Amino acid sequence: MIEVDSAVHHGSRADRERDRIRDEALGAAGFTVVRITECEVFTRPWAVVPRVVGAIRSGIPVSCHEKRCDSTAFLTQNVG
């Protein structure tokens, strides 16, 4: 799972703690979470692309058509 974090939604300590808990729950369910900052996307896309390609090649699901990719449903049931 590839997450793009922005300062607006990931700037506070509570936001980062929520993400940490979420990442742990997703990891326990077999997901790998790759976090990329919004700043990286806009200022260094050439550095982001290899990370995304590497994540896809290593088996991170890229389609949410598979039931196990439904992270929203998983989180609603397991994280709150």
Notebook entry, point to check: In this structure, is ARG44 buried (at least 16 other Cβ atoms within 10 Å of the Cβ) and of a type outside the set (Phe, Trp, Tyr)?
Noted result: no
Margin query: Any residue in the stretch 1-21 that is free of Cβ contacts under 8 Å to residues at least 40 places away in the same chain sitting within a Cβ distance under 7 Å of a residue that is loosely packed, with under 15 Cβ neighbours inside 10 Å and not in a helix (DSSP H, G or I)? List the pairs, counting only those 6 or more apart or interchain.
Written below: GLU3/ARG35; ASP5/ARG35
Notebook entry, point to check: Counting only residues that are modelled with pLDDT under 85 and surrounded by fewer than 12 Cβ atoms within 10 Å (Cβ to Cβ), how many does the stretch 28-41 have?
Noted result: 1
Margin query: Within the stretch 63-79, does at least one residue satisfy the condition of being modelled with pLDDT under 70 and in contact with a Lys or Arg (Cβ under 7 Å, 6 or more places away or on another chain)?
Written below: yes
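The values are calculated or read from the model by the stated rules, or taken from the named source; none is laboratory data. Small disclaimer: the values here were computed from a predicted structure and weren't measured. Ideal geometry is used to build each Cβ from the backbone, glycine not excepted, and the neighbour counts take in all protein chains shown.
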